[in-house]
1. Can you pull the semi-axes for the chain, root of five times each eigenvalue of the Cα gyration tensor, sorted largest first, whole Å?
2. Roughly speaking, what is the stretch gain from Thr179 to Val138, that is 0.36 nm per residue apart minus the C-alpha to C-alpha distance, in nm to one decimal?
3. Could you size up the charge dipole of the range 127-167 around its Cα centre, putting +1 on the beta carbon of Lys and Arg and -1 on that of Asp and Glu, and report it in debye to the nearest 20?
4. Amide H to amide H, which residues 5 or more places from Asp110 or on other chains are under 5 Å from it, using H placed in the peptide plane?
5. Roughly speaking, what is the stretch gain from Asp4 to Ala43, that is 0.36 nm per residue apart minus the C-alpha to C-alpha distance, in nm to one decimal?
6. Given Cα positions, please report Rg to Rh for the range 65-110, the hydrodynamic radius being the Kirkwood one.
7. Could you quote the convex hull projected area for the range 1-79, Cα atoms only and averaged over all directions, in nm²?
8. Modelled label-to-label distance, Tyr60 and Glu77, 7 Å Cα→beta-carbon offset: nm?
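Please treat every number below as a calculation from the coordinates, not as lab data. Note that the structure is predicted; figures quoted are calculated from it, not measured. Don't worry about glycine lacking a Cβ; one is built from the backbone with ideal geometry, like all the others, and counts go over all protein chains shown.
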Amino acid sequence: MSEDAVRTAFPELEAIEDDDLRAGVIDAWVTAIAENDIDDLTAVPWLPPTQRELTLNDEYLVTHVRDVTACAVALAETLLERREGALSLDMDTVVAGALVHDVSKLAEFDEMDETAVYSLLGHPYYGVHVVARAGLPVELAHVVLSHTSRTTVEPAIIEAELVKRADEIAAAAIRWRATDDLRTV
Ligand SMILES: [Fe+2]
């Protein structure tokens, strides 16, 4: 799969103003796709262990990543508007960070099965590796590393906090399909 396939999957790439940052995000996805023999990016599931538990077969990674990106941008725009000049954040980092936050899953699952990367490294260390190899700034690796409670690294920058919260609510929207009490799943 090519750069064009990544651009088609993620139209939000066009919102990244910095050319190098946009190219790095595309490079991270293209590298992960090639290394993990992904034929159809749109067919990659969101989170197989949870999907099996909740019997939610029709949830996909691309949709989730786009949900997270839209939610993170909406939160950022709302706070920028509400707080007028009293908030400074880098919207490019929010968009780029949201777009790469789960790139790790391409290595962690083979269709609906967990791989050795998942069982031996866990989420989302492969993503940190791919993002660093793509030459993206360390802030992007930090967004990936701190977006999940599976690591001990908490968000240090507002952009990482926005992506983490957007990911939580987007994941809750999926889990909510399978329960009437989010505490149970
Ligand atoms: Fe996610």
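1. Values: eigenvalues 116, 87, 46 Å².
For the chain, the ellipsoid semi-axes come out as 24, 21, 15 Å.
2. Numbers: separation 41, 0.36 × 41 = 14.76 nm, distance 3.76 nm.
That works out to 11.0 nm of additional length.
3. Values: 4 positive and 5 negative charges, 33 e Å.
Value, rounded to 20: 160 debye.
4. Hits under the 5 Å cutoff: Thr115.
5. Values: separation 39, 0.36 × 39 = 14.04 nm, distance 1.64 nm.
Working it through step by step, the gained length comes to 12.4 nm.
6. Working: Rg = 13.2 Å, Rh = 11.7 Å.
With Rh from the inverse mean 1/r over Cα pairs, Rg/Rh is 1.14.
7. Details: hull surface 25.2 nm².
Answer in nm², one decimal: 6.3.
8. Modelled inter-label distance: 2.4 nm.
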